[in-house]
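Asks: Here it is, the structure, as C-alpha cells.
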Amino acid sequence: MDTMISVWTMVEHVRVASGAAELAIFTAILYWFFTSSRVADMLEVVGERVGGWCGRDTSSSLRQAVRARKRQQEYSKLDSTANCRKSSLFRIKEGPVIPAPEPQLRPPSGLACGRCAPVSRESWQDHKVRDTGAVINILDIGRQNFANGGVVSRYLCDLAQCCNLCAYDYKDVVPNVVKDESVAQAIEEATQEELAKAKENGQSGASYATIRKRVEARALKVVQDISSAMSNNVLKFVAWVCHKAVRRVAGGGCGTRVAGVERLRRANAAGLPVVFVPLHRSHFDYILMTFTLYLTGLRPPLVAAGDNMRIPFFGWFLRGCGAFYIRRRVEGSEYHGDPTYKSALRAYILNSLSAGNNLEFFIEGGRTRTGKPQTPKAGILSVIMDAYLDGTIDDALLVPATLNYDKLVDGNFVREQLGMPKQMETFWSALRGIWRTLNTNHGSIRVDFNQPISLKELVTSFQKYQHYKAPIETCLTPPNNNLAVNLDRQILYNHSHSSLYGADVSTDHKMMVEAIGRHLVYDAAQATALMCTNVVSYVVLCEARRGLPAAALAARLAARTRDLAAAGRDLAYTGDAATALRHALEMLGRGLIRREGDIIRPGTSIAAQLELAYYANTVVAHYAAPAIVATALESLICASSSTEFRQSELVSASLQLCEVLSHEFIICAPCQRIQDQILDVIDSLESQQLIIKDKSDAVLEEQQWSRRMARRLEGDDDDDRPDPTQRVTYTVSDKPEAVAERQRLVLTLRPLLEAYSVTCRHLQAGTMKDVVKNSLDSLTEDFTQNKMLYGEAVSTDAIRNCLRLLRQWGVIHVYTEGKTRAVRIAEPYASASALEDVCHNVHKFNMNTPLLEPSNK
Ligand SMILES: O=P(O)(O)OC[C@H](O)CO
C-alpha cells in the first residue's frame with residue numbers, strides 16, 4: 001500500500017512539474033506570438049477573407065481605416081523631417097562652410113618600445129586600419145552575433161553568447177610534471193637529505209625506499225596543490241555571471257581599446273604562447289582579465305594566483321577559471337629548503353607553456369597599496385626567460401596589461417598604510433566583499449592590453465647593448481659608487497628573486513630579468529587609462545589643497561586634462577570638465593572631498609587624504625620626472641639663495657633625487673638613460689618658461705643637442721670627453737604662472753619626502769615594526785599639530801621604501817631574530833653626526849622653501 005502511495009505521489013509530482021513546464025512553454029509561445037507583428041498580419045488576412053465571403057467591401061473595414069490613419073500620421077512626420085533637412089541643407093549651402101568636427105583621437109594604445117622591440121612594434125600593427133582610439137564595452141564584444149535574432153536571443157543574449165563561446169582543450173599537465181627530470185632530481189636530492197638526517201638521528205627503520213616513497217607522495221601533493229583545474233564549463237558559467245555582475249557593478253561600463261583587442265587576435269594567429277603581464281589593483285582583476293580575453297576569442301590563460309586566494313569555494317572557482325596557486329613567500333614557509341616545491345612550480349609553468357597554454361601573472365606580486373605601479377617581482381618572468389633560453393619554447397609574446405577603476409573595488413588600503421596588518425582573505429570576507437561590490441556603483445572600468453612583445457626580440461636587444469645591463473638608477477652618491485654592488489643589493493631585496501632563481505644564476509641574467517620586468521611595468525603604467533577620479537584627486541591634492549570654488553576647480557581639471565592628453569596619456573573620460581568633476585566627486589564620495597558652500601577641498605582626516613592619494617598617485621607617477629627636477633631645482637635655490645644655476649648642477653641634484661626615490665617610481669624605461677630623461681625635462685621646463693636659459697649659451701645648446709642625439713642613435717657610451725654643456729646656465733622665472741607650476745610639481749612629491757625625512761630622523765636599532773611605528777606616530781603628530789600638511793605622508797609604504805633605500809646605501813642592516821625582522825645601524829654611521837651626514841641626502845630635498853609657505857599653497 002505504502003509503495004503504491006509513494007508511486008502515486010511521484011506520478012503527481014511529475015504531472016505537476018510537466019504541467020508547469022507546459023504552461024511556461026505555452027506562455028512563451030503566446031508572448032512571442034503577440035509581441036511580434038505576425039499576429040496583426042494574420043488577423044488582417046483572416047478579416048479580409050471573412051469579409052470577402054460575406055460580400056463586404058474589405059477596403060472600408062474599421063481596422064483598415066485606423067491603420068490608414070496611423071500610416072498617414074507616420075508619413076506626415078517623415079515629410080516634415082525631410083523638409084526640415086532640406087531647409088537646413090539650403091542654409092548650410094548658403095552660409096559659411098564650417099568643417100565637420102574632427103573625431104577626438106586617443107593616443108595609440110600601448111605600443112611596444114621602438115628602441116628594444118621595433119619588430120614587435122611593426123608586426124602586430126595593422127597599418128590599413130587606423131587606431132582611432134575607439135573603446136568598446138566588453139559586454140558588447142561578440143554580442144551582435146546573438147542580439148538580432150528572435151526573443152530567445154534578445155532576452156537570453158548573454159546566455160546564448162556564453163553557451164557559444166569557444167571550448168579549449170586544457171590538457172592535465174600534472175602527470176608530465178611529476179615525471180619531469182628536474183622534479184625527479186629534486187625528489188632524489190630531498191630523499192638523500194632526509195636519509196642522511198635519519199641516519200644521523202639513529203632511526204634504524206628508515207630505508208631509502210620508504211623515504212623515497214614519502215618524498216614522492218609529498219611532491220605529488222605539491223604539484224596537485226599548485227595546478228589549475230581549468231574547465232570550459234566553469235569558464236562559460238563565470239562568463240555568464242560576469243555579464244550580470246559587470247553590468248551591475250560598472251555603471252559606466254567596462255571598456256577596452258578596440259585596437260588592443262584586434263592586435264591580440266592577430267598575434268594569437270602566430271601560434272606562440274601569450275604571456276599576459278597585468279599590473280594589479282584589485283582581486284576583481286583576475287576575473288576581468290579572463291572574461292575579456294574569453295569574450296575576445298582568445299584562449300583564457302592560466303593565472304598565477306597567490307596562495308592567499310585559496311579559500312573555500314572561491315578558491316576552487318578560481319582554479320576552474322585557470323588559477324594555479326603559488327606561494328607568496330617560500331622562505332619561512334613549510335616549503336623552505338624543500339627543493340621539490342621550486343622544481344615543481346618551474347616544471348608546471350614550463351609544461352603548461354609547452355602544452356600551448358597562455359599564461360598570466362601579476363608582475364608586481366600583490367595589489368598596489370598606493371595606486372602607483374610597483375617595482376617588478378621577477379620570479380615567474382625568470383622561469384619564462386629560462387624556458388626560452390634553454391629552448392623549451394621558441395619564443396613567447398609578452399603582453400603588458402592594465403586595469404583601472406573609477407572607484408576602488410576591494411575597499412581601501414588605509415588600514416595597512418596606517419600600520420595595521422593585512423586582513424587575510426577568508427570565505428566570509430570574500431562573500432562580504434562581493435556583496436558590497438555588487439551593491440556599489442564603481443563607475444567606469446578599463447581593461448587594456450598593450451602590443452604583444454616578442455620575448456626573443458627583447459632578450460636579443462638586452463644582450464646586444466651593454467648599457468641596458470647597467471643599473472637602472474644612477475650610481476649612489478652615498479656611500480659608494482660600485483654599480484654592481486648596488487644592483488646586487490637591489491636584487492637581493494626582491495623576495496621573489498630568491499624564491500625562484502636557482503643558486504647558479506649569473507648577475508647578468510638577473511640584470512636582464514630585472515630590466516625586462518621594469519620595462520614591462522613601465523610600458524603598462526604608461527598605457528594605463530586615467531580615470532576622472534585619478535585626475536580630480538591629483539588636482540585637489542596638488543593644486544587645491546586649501547580649497548577652490550567648483551568652477552575654478554573645473555578650470556584646473558580642464559587644464560590638467562589637456563596637459564595629460566598632450567603628453568599622450570589615454571583619458572578614460574570625455575565631455576566637459578564640469579561634468580567630469582561632478583562624476584568624480586560623486587564617485588569619491590563626501591568622505592574624501594569636503595564641500596563648504598561652493599568651496600571644494602580634500603577631507604581633513606589622514607584616512608581621507610590617504611585614500612585620495614591612492615587615486616591621485618596614478619597621475620603622480622606620470623609627473624614623477626618633472627616633479628623630481630623641480631624639487632631638485634628648489635633644493636638648489638634654497639641651498640644657494642640664488643635663482644641662477646648651472647645645468648650640470650641641476651642634472652646632478654636630479655640624479656640624486658632619482659636615487660632617493662628609486663623604490664617609488666620607474667622614471668624611465670631601462671633602455672633609456674635617466675640623464676637623457678632629465679635633460680628632456682629641463683628642456684620642457686625651459687619651453688614652458690619656468691626657467692630661462694642664458695642667451696650666450698646658444699652654441700653650447702647646439703653642441704648639447706648633437707651630443708645627446710649621437711648618444712641615442714649610436715649607443716655611444718663614451719662619457720669621458722669633457723662636456724661643453726657643463727657651463728649652460730639658467731635663471732628661475734618669477735612670473736606668477738611659472739611659480740604656480742613649480743609649486744604644483746614640488747607638491748607632487750612633498751608628502752613622500754616628508755615621510756622619508758621623518759623615517760631618517762627616527763632611525764634607531766630595534767625591531768622593524770618599532771621603527772615603522774615610531775615614524776608613523778611622529779608623522780601623525782606632525783599632521784595633527786599642523787606642523788605638516790600632508791595626511792597622505794602617514795604611509796607605511798613610504799616608510800618601508802625609505803628603509804629599503806637606507807639598507808641599499810648600507811646605512812642599516814636588516815636581519816631576522818627568531819621570527820622578528822630587526823634593524824641595526826651599520827658601523828660607519830653609528831655616530832649621530834655620520835648618520836646626520838648621510839641622511840642629509842634625503843633631508844635636503846625636503847627643504848623649507850617660501851614656495852610652500854601658507855600664502856603660496
Ligand atoms: O594584494 P595582496 O597581497 O592581497 O595579494 C593579492 C594577490 O591577488 C595574490 O595573488
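The values are calculated or read from the model by the stated rules, or taken from the named source; none is laboratory data. What you are looking at is a predicted structure, and each value in this text was computed from that prediction instead of being measured. Cβ coordinates were reconstructed from backbone atoms using ideal geometry, including for glycine residues, and neighbour counts include every protein chain displayed.
Asks: Return only the number of the condition from (1) without any contact (Cβ under 8 Å) to a residue 24 or more places away in the chain; (2) outside the structural domain of A552 (by TED's automatic domain parsing) that R646 does not satisfy.
Replies: If we test R646 against (1) without any contact (Cβ under 8 Å) to a residue 24 or more places away in the chain; (2) outside the structural domain of A552 (by TED's automatic domain parsing), just (1) comes out false.
Asks: Further question on the same structure: Of the conditions (1) assigned to a loop (DSSP other than H, G, I, E, B); (2) touching a residue at least 24 places away in the same chain (Cβ under 8 Å), G391 satisfies every one except a single condition; which number is it?
Replies: Of the numbered conditions (1) assigned to a loop (DSSP other than H, G, I, E, B); (2) touching a residue at least 24 places away in the same chain (Cβ under 8 Å), the odd one out for G391 is (2).
Asks: Still on this structure, please answer the following. Write out, first by first residue and then by second, each pair whose Cβ atoms fall under 6 Å of each other, whose residues are 6+ apart or on separate chains, and whose first residue, in region 410-431, is closer than 19 Å to V794 by Cβ while the second is part of a loop (DSSP other than H, G, I, E, B) and within 12 Å of the ligand (Cβ to nearest atom).
Replies: As it stands, the answer is F413/R369; E416/R369; E416/K422, since those pairs meet every condition given.
Asks: Considering only region 371-420, state which residues are assigned by TED's automatic domain parsing to the domain that holds F276 and within 12 Å of the ligand (Cβ to nearest atom).
Replies: Q374, K377, I380
Asks: Pairs, please: C-beta under 8 Å, at least 6 apart or cross-chain, first residue in contact (Cβ under 8 Å) with a residue 24 or more places away in the chain and over 16 Å from D410 (Cα atoms) and in region 281-295, second more than 16 Å from the ligand (Cβ to nearest atom) and of a type in the set (S, T, Y)?
Replies: T292/T256
Asks: Taking region 733-747 as the search range and keeping residues that are crowded, with 19+ Cβ neighbours inside 10 Å and in contact with a Ser or Thr (Cβ under 8 Å, 6 or more places away or on another chain), which one is farthest from I637 (Cα to Cα)?
Replies: Here the answer is L745.
Asks: So which strands (runs of 3 or more DSSP E) are wholly in region 227-321 and hold at least 2 residues that are more than 13 Å from the ligand (Cβ to nearest atom) and not acidic (D, E)?
Replies: Values: elements: 254-257, 274-278, 302-306.
Correct list: 254-257, 274-278.
Residue-by-condition table, conditions (1) within 30 Å of S123 (Cβ to Cβ); (2) under 23 Å from the mean Cα position of the chain (by Cα); (3) in contact (Cβ under 8 Å) with a residue 12 or more places away in the chain:
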{"position": "Y168", "(1), (2), (3)": "yes, no, yes"}
{"position": "S182", "(1), (2), (3)": "no, no, yes"}
{"position": "K199", "(1), (2), (3)": "no, no, no"}
{"position": "A217", "(1), (2), (3)": "no, no, no"}
{"position": "S231", "(1), (2), (3)": "no, no, yes"}
{"position": "F237", "(1), (2), (3)": "no, no, yes"}
{"position": "C242", "(1), (2), (3)": "no, yes, yes"}
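Asks: Hey, another quick one. Give region 80-131 a look and list any residue that's modelled with pLDDT of 70 or more, assigned to a loop (DSSP other than H, G, I, E, B) and either more than 30 Å from P670 (Cα to Cα) or of a type in the set (G, A, S) (or both), or say none.
Replies: Matches in region 80-131: S109, G110, A112, G114, A117, K128, V129.
Asks: Among the candidates L585, L633, which residue alone is touching a residue at least 12 places away in the same chain (Cβ under 8 Å), farther than 21 Å from L541 by Cα, of a type in the set (A, V, I, L, M) and in contact with a strand residue (DSSP E or B) (Cβ under 8 Å, 6 or more places away or on another chain)?
Replies: On the way: L585 fails: farther than 21 Å from L541 by Cα.
Of the residues listed, the single one that is touching a residue at least 12 places away in the same chain (Cβ under 8 Å), farther than 21 Å from L541 by Cα, of a type in the set (A, V, I, L, M) and in contact with a strand residue (DSSP E or B) (Cβ under 8 Å, 6 or more places away or on another chain) is L633.
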